[in-house]
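Take a look at the following structure, please.
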Amino acid sequence: RDWSSDVCSSDLAYLRQRFDAEDRRCREEWLDISTDKLFSKRQKEWAERAETFYGRLSDLQKTFIRDAVRRSSWDPQLSWERRLLRQQQALAVLEKIIREKPAQATAEDEIRKLIVRLLRPEDARMAEMQRKLIDEACANLSSLHQLTSPEQRLRARDKLASYERDFRLLAERR
């Protein structure tokens, strides 16, 4: 069955509506707030994610997170621009598939190329920010992990093992 014929204009309209709704929420939460609130939000969210794996954080770990957020290369405006560009790219590929109704192999190839573009920005500023953020994330996670107690490490190991079990179950159902 040719899945590309299943994608229609109403699906694109729905996707645009979802993008618009999420963009409004994103703007309110990440762009239309003060620098101090943005800093606090990022620090709080990172600490909450770390606590998901490690449990309650020590004051030293919280201080590390605060300092890492301060040093971060993340640029909310550039991140916003990248978000909008990615949405435009996705919509353009889907519109092309709807308009041209290519063979499934061609449509799949277009989707694969889109995924590569989404993961590897062509814009030099965006690519540089992504590279820096990946490097920072690796260094920060490693450094935070070095600050954990043996109990926290066991908790993280168990949490990751539960994710592994979930993925294996999902893969078996395929």
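Quick one: Gly55 ticks every box in (1) over 24 Å from Arg27 (Cβ atoms); (2) open to solvent by 70 Å² or more (accessible area, probe 1.4 Å); (3) touching a residue at least 24 places away in the same chain (Cβ under 8 Å) bar one, so which box is it?
Exception for Gly55: condition (2).
Check Ala105, Ala90 and return the single one that is among the aliphatic types (A, V, I, L, M), open to solvent by less than 40 Å² (accessible area, probe 1.4 Å) and modelled with pLDDT of 95 or more.
Exactly one residue qualifies, and that residue is Ala90.
Any idea which residue in segment 127-174 is farthest from Ser79 (Cα to Cα), counting only those that are in a helix (DSSP H, G or I), open to solvent by 80 Å² or more (accessible area, probe 1.4 Å) and of a type in the set (Lys, Arg)?
The qualifying residue farthest from Ser79 (Cα to Cα) is Arg173.
Yes or no, residue by residue, for (1) in contact (Cβ under 8 Å) with a residue 60 or more places away in the chain; (2) under 30 Å from Ser10 (Cα atoms); (3) open to solvent by 60 Å² or more (accessible area, probe 1.4 Å):
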site: Leu38; (1), (2), (3): no, no, no
site: Ala47; (1), (2), (3): no, no, no
site: Leu84; (1), (2), (3): yes, yes, no
site: Arg112; (1), (2), (3): no, yes, yes
site: Ile115; (1), (2), (3): no, yes, yes
site: Arg120; (1), (2), (3): no, yes, yes
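Still on this structure, please answer the following. Checking Arg42 against (1) modelled with pLDDT of 95 or more; (2) charged (D, E, K, R); (3) closer than 30 Å to Asp11 by Cβ; (4) open to solvent by less than 60 Å² (accessible area, probe 1.4 Å), which test does it fail?
If we test Arg42 against (1) modelled with pLDDT of 95 or more; (2) charged (D, E, K, R); (3) closer than 30 Å to Asp11 by Cβ; (4) open to solvent by less than 60 Å² (accessible area, probe 1.4 Å), just (3) comes out false.
The values are calculated or read from the model by the stated rules, or taken from the named source; none is laboratory data. Since we're looking at a predicted model, the values are computed, not measured. Positions of Cβ are generated from backbone atoms using ideal geometry, with glycine treated the same way; all protein chains shown enter the neighbour counts. In case anyone asks, the SASA skips ligands and DNA or RNA and just uses the protein heavy atoms, side chains included. Shrake-Rupley method; radii C 1.70, N 1.55, O 1.52, S 1.80 Å.
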